[in-house]
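Colleague: Below is the structure I would like to discuss, written out as structure tokens.
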Amino acid sequence: MEAGKGTAALEKAFDLLEAIGLAPEGLDTQQLAARVNLPRSTLYRLLGLLVERGMVRRDAHQKRYRLGFRYLEMVRGAWLEPDLVAAASFELRALRDLTGETTYLAIRDGDQVLSLERCDGAHSHRSAAAMGQNKPMYCTGQGKAILSAMPDSERRDLLKHMQLVPLTPLTITDRDRLQIELEVTRTRGYAIDDEEIALGIRCVAAPVVDSAGQVRGALSIAGPAYRLTRKRLDLLGPEVAASAQRVGSQLAVRHISDHPDALQPLSERWAFLGGQPRWSEREACLYWTDRLGPAVYRHGAHGTEKVFHCERPILGMELTADGLFVALDEEYLFVTEGRIRSRGQWGFGTPTCLCSDREGRLWAAIRMGSGHWKVGEVHRDGTLASHWQFNEAISALCWDSQHSQLFALGADSGTLFRLEHSGQVRRFATLPKGSGLLSGLAVDHDGSVWTALSGGWSIVKFDRGGNLERMVGVPVASPTDLCFGGADGATLYITSARQAVSREALKTAPWSGTVMSTPVDSRGAPAAVTRGPA
């Protein structure tokens, strides 16, 4: 079969996309017909298909066609790193305003560089390299900046197979000389393209490197050689390097996981309202509850099993030396091997939440008759030694045993509190209500505090200073609580709810109600998060 046979319609569609993409103001049907030379019936048929697929959009007011958002979404998915683009945007504009010249953001594409973003300069005669166009690494400022920041072995392997074609009389084609140029670039922090890819154009560029040392791209300034003299390039080089360093400092470190689908349910068993995940180091297993079920479950080497059930909703559950401590509305139970060993009545009212510390002491929050809430230690006789008082409901407690401090959660106001030994209550962090209902607390080995956003499809991490460090999407609508466990505390467990999830939402969140787990890295970051089966 002849090459290209049967692809005529495809070629026509590509011609249309190219014509529309190269016209910033868009094109009407008459202009399109003239540019692509298509019969009107074919033109309308192809336009209709492209509009339907989102590759082209029609401006109803001006009656012009432009590239569609689906097209842009595909390009972004293929090439762009959202955090890189967002972090670089301000610096690109600042460099443009500083110099009046065009600025670029580029990334590596094999042995070439690809321009992702551009801020056009103020001059009529300026650099205007096409977006999305590949250029060689060895003769561009961006490419040499990226090469200079790569590990030595990786750079040597790349250069070994790279063809150094002279594009201008000034192009460096000697590999040894290029290696020396890259070493100089690494030392001074910026690269220079001295009319090496196009005569009359100079460029200065610097690599964007994240905090893990991974080179993510390069920023550059380019313009006519008569304006960008060598002396001026050396003056601008440190400015570009500083901008690239600021961009790199904003980037989340990319952690490569051997388990791309790391977030997985422990089993198919689900709860109406899952909660209180607690890791037992002695048994090397996880306990959690279905508060509305109501039951206590255990997951270990042999799978998931129900170890206790009762008739009334479970308010809390903790692991103690005397067995499972199960809090109900009117009483508390000590459960061993699925049987109630002892029980008692609350001597201070019904608790709203519980937690235990490293010494095995129990702590609870209760609502007082005055409309206040108190937090304190629960004694063996069911009484409470009050330590802290609040003006709002406390829905979760968690001890940071390593630093001997207690955290409390006020879900109504979206506030995390740090409770001090002096009896003072410090506001630790706050999230707006639109983020979701704060639910559950966990503290990792670094003292960072985690909470779930029920209704917000997310979990969040605050550093020890109370700054929002990370927000991670999860494939369930209502995560309810979380804890760290497993070997060396390197696994994050997340419980979730199912009873309030609509049937429609369950189609995209079938894991609702399950307990999910994911490995965490040394920085306390989930290794990977996926949406789960559709």
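Colleague: Find all pairs meeting these conditions: Cβ atoms under 9 angstrom apart; at least six residues apart or on different chains; first residue within the stretch 380-392 and under 11 Å from V425 (Cα atoms); second residue at pLDDT 80 or above and among the acidic types (D, E).
Modeller: Every condition considered, the pairs that remain are H387/E377; W388/E420.
Colleague: Checking V472 against (1) of a type outside the set (F, W, Y); (2) crowded, with 17+ Cβ neighbours inside 10 Å; (3) modelled with pLDDT under 90; (4) in a loop (DSSP other than H, G, I, E, B), only one condition comes out false. Which one?
Modeller: Among (1) of a type outside the set (F, W, Y); (2) crowded, with 17+ Cβ neighbours inside 10 Å; (3) modelled with pLDDT under 90; (4) in a loop (DSSP other than H, G, I, E, B), the lone unmet condition for V472 is (4).
Colleague: Take the residues in the stretch 149-165 that are of a type in the set (A, V, I, L, M) and outside any helix (DSSP H, G or I), then tell me which one is surrounded by the fewest Cβ atoms within 10 Å (Cβ to Cβ). Write out each step before concluding.
Modeller: Quick first cut of the stretch 149-165, residues of a type in the set (A, V, I, L, M) only: 149-150, 158-159, 162, 164-165.
Subsequent filtering for residues that are outside any helix (DSSP H, G or I) retains 150, 162, 164-165.
Details: M150: 21, M162: 18, L164: 16, V165: 10.
Within the stretch 149-165, the match that is surrounded by the fewest Cβ atoms within 10 Å (Cβ to Cβ) is V165.
Colleague: In the stretch 122-154, how many residues are among the small types (G, A, S) and modelled with pLDDT under 90? Full working, then the answer.
Modeller: First, pick out the residues of the stretch 122-154 that are among the small types (G, A, S): 122, 124, 127-130, 132, 141, 143, 145, 148-149, 153.
Then keep just the ones that are modelled with pLDDT under 90; that gives 122, 124, 127-130, 132, 153.
Count: 8.
Colleague: Looking for something modelled with pLDDT of 95 or more, part of a strand (DSSP E or B) and under 27 Å from Q264 (Cβ atoms) - is there at least one such residue anywhere in the stretch 429-437? Even if it seems obvious, please write down each step before you answer.
Modeller: Just the residues of the stretch 429-437 that are modelled with pLDDT of 95 or more, to begin with: none.
No, the stretch 429-437 contains no residue that is modelled with pLDDT of 95 or more, part of a strand (DSSP E or B) and under 27 Å from Q264 (Cβ atoms).
Colleague: Looking at (1) in contact with an Asp or Glu (Cβ under 8 Å, 6 or more places away or on another chain); (2) surrounded by fewer than 16 Cβ atoms within 10 Å (Cβ to Cβ); (3) hydroxyl-bearing (S, T, Y), can you tell me which one Y297 breaks?
Modeller: Unmet condition: (2).
Colleague: Going by the structure shown, is L384 modelled with pLDDT under 90 and either buried (at least 19 other Cβ atoms within 10 Å of the Cβ) or of a type in the set (F, W, Y) (or both)?
Modeller: Details: modelled with pLDDT under 90: yes; either buried (at least 19 other Cβ atoms within 10 Å of the Cβ) or of a type in the set (F, W, Y) (or both): yes.
Yes; evaluated as a whole, the condition is true for this residue.
Colleague: Please count how many residues of the stretch 20-41 are of a type in the set (S, T, Y) and more than 44 Å from the chain's Cα centre (by Cα).
Modeller: Residues that pass the stated criteria total 1.
Colleague: If the requirement is being under 14 Å from L441 (Cα atoms) and either touching a Ser or Thr at 6+ places or on another chain (Cβ under 8 Å) or not small (G, A, S) (or both), which of these qualifies: G376, G414?
Modeller: On the way: G376 fails: under 14 Å from L441 (Cα atoms).
Checking each option against the conditions leaves just G414.
Colleague: Quick check on the stretch 388-411: of everything there that is touching a strand residue (DSSP E or B) at 6+ places or on another chain (Cβ under 9 Å) and modelled with pLDDT under 85, which residue is nearest to L441 (Cα to Cα)?
Modeller: So in the stretch 388-411, the residues touching a strand residue (DSSP E or B) at 6+ places or on another chain (Cβ under 9 Å) come out as 388-403, 405-411.
Now narrow it down to the ones that are modelled with pLDDT under 85: 401-403.
Values: S401: 13, Q402: 15, H403: 16 Å.
So, considering only residues that are touching a strand residue (DSSP E or B) at 6+ places or on another chain (Cβ under 9 Å) and modelled with pLDDT under 85, the one nearest to L441 (Cα to Cα) is S401.
Colleague: For the stretch 97-121, name all the residues that are in a loop (DSSP other than H, G, I, E, B), under 22 Å from E195 (Cβ atoms) and at pLDDT below 90. Steps first, please.
Modeller: Within the stretch 97-121, the first condition is being in a loop (DSSP other than H, G, I, E, B), and the residues that meet it are 100-101, 110-111, 120-121.
Within this subset, residues satisfying the condition of being under 22 Å from E195 (Cβ atoms) are 100-101, 111, 120-121.
Once the filter is applied, which keeps residues that are in a loop (DSSP other than H, G, I, E, B), under 22 Å from E195 (Cβ atoms) and at pLDDT below 90, the stretch 97-121 yields D111, D120, G121.
Colleague: Still on this structure, please answer the following. Exactly one condition in (1) buried (at least 16 other Cβ atoms within 10 Å of the Cβ); (2) at pLDDT 85 or above is not met by G360; state its number.
Modeller: (1)
Colleague: Right, here's the next one. For the stretch 299-330, give me the residue count where each residue is without any contact (Cβ under 8 Å) to a residue 24 or more places away in the chain, over 11 Å from T289 (Cα atoms) and part of a strand (DSSP E or B).
Modeller: Final tally of qualifying residues: 3.
Colleague: Let me ask you something else. Could you please let me know if I340 is of a type outside the set (S, T, Y), surrounded by 12 or more Cβ atoms within 10 Å (Cβ to Cβ) and in a strand (DSSP E or B)? If you could, list the steps in order and put the result at the bottom.
Modeller: Working: of a type outside the set (S, T, Y): yes; surrounded by 12 or more Cβ atoms within 10 Å (Cβ to Cβ): yes; in a strand (DSSP E or B): yes.
Criteria met by I340.
Colleague: Of the conditions (1) outside any loop (DSSP other than H, G, I, E, B); (2) at pLDDT 90 or above; (3) of a type outside the set (D, E), T514 fails just one. Which one is it?
Modeller: All conditions pass for T514, except number (1).
Colleague: Report yes if some residue within the stretch 448-459 is at pLDDT 85 or above, touching a Cys at 6+ places or on another chain (Cβ under 7 Å) and in a strand (DSSP E or B); otherwise report no.
Modeller: No, the stretch 448-459 contains no residue that is at pLDDT 85 or above, touching a Cys at 6+ places or on another chain (Cβ under 7 Å) and in a strand (DSSP E or B).
Colleague: Does F417 count as in contact (Cβ under 8 Å) with a residue 40 or more places away in the chain, under 31 Å from the mean Cα position of the chain (by Cα) and part of a strand (DSSP E or B)? Step through it out loud before you land on a result.
Modeller: Numbers: in contact (Cβ under 8 Å) with a residue 40 or more places away in the chain: no; under 31 Å from the mean Cα position of the chain (by Cα): yes; part of a strand (DSSP E or B): yes.
It is false that F417 is in contact (Cβ under 8 Å) with a residue 40 or more places away in the chain, under 31 Å from the mean Cα position of the chain (by Cα) and part of a strand (DSSP E or B).
Colleague: Failed condition for R230, given (1) surrounded by 18 or more Cβ atoms within 10 Å (Cβ to Cβ); (2) closer than 20 Å to T103 by Cα, with all others met?
Modeller: All conditions are met except number (1).
Colleague: Can you pull out the residues in the stretch 213-248 that are among the small types (G, A, S) and touching a His at 6+ places or on another chain (Cβ under 8 Å)?
Modeller: Here is the first cut: in the stretch 213-248, the ones among the small types (G, A, S) are 213, 217-218, 220, 222-223, 225, 237, 241-244, 248.
Residue satisfying the conditions is G223 alone.
Colleague: When you look at G360, is it out of contact with any Cys (no Cβ under 9 Å at 6 or more places or on another chain), in contact (Cβ under 8 Å) with a residue 24 or more places away in the chain, within 14 Å of A327 (Cβ to Cβ) and outside any strand (DSSP E or B), yes or no? Let's see the steps before the verdict.
Modeller: Numbers: out of contact with any Cys (no Cβ under 9 Å at 6 or more places or on another chain): yes; in contact (Cβ under 8 Å) with a residue 24 or more places away in the chain: yes; within 14 Å of A327 (Cβ to Cβ): no; outside any strand (DSSP E or B): yes.
No, not satisfied.
Colleague: Only one of these conditions is not met by P169: (1) in a loop (DSSP other than H, G, I, E, B); (2) over 36 Å from the mean Cα position of the chain (by Cα); (3) modelled with pLDDT under 95. Which number is it?
Modeller: Just one mismatch for P169, condition (3).
Colleague: Picking from F484, F428, which residue would you name as being touching a residue at least 60 places away in the same chain (Cβ under 8 Å), surrounded by fewer than 20 Cβ atoms within 10 Å (Cβ to Cβ) and of a type in the set (F, W, Y)? First the steps, then the outcome.
Modeller: Values: F428 fails: touching a residue at least 60 places away in the same chain (Cβ under 8 Å).
Just one listed residue meets the conditions, F484.
The values are calculated or read from the model by the stated rules, or taken from the named source; none is laboratory data. Since this is a predicted model, take the numbers as computed values, not measurements. Using ideal geometry, Cβ is built from the backbone for each residue, glycine included, and neighbour counts are taken over all protein chains shown.
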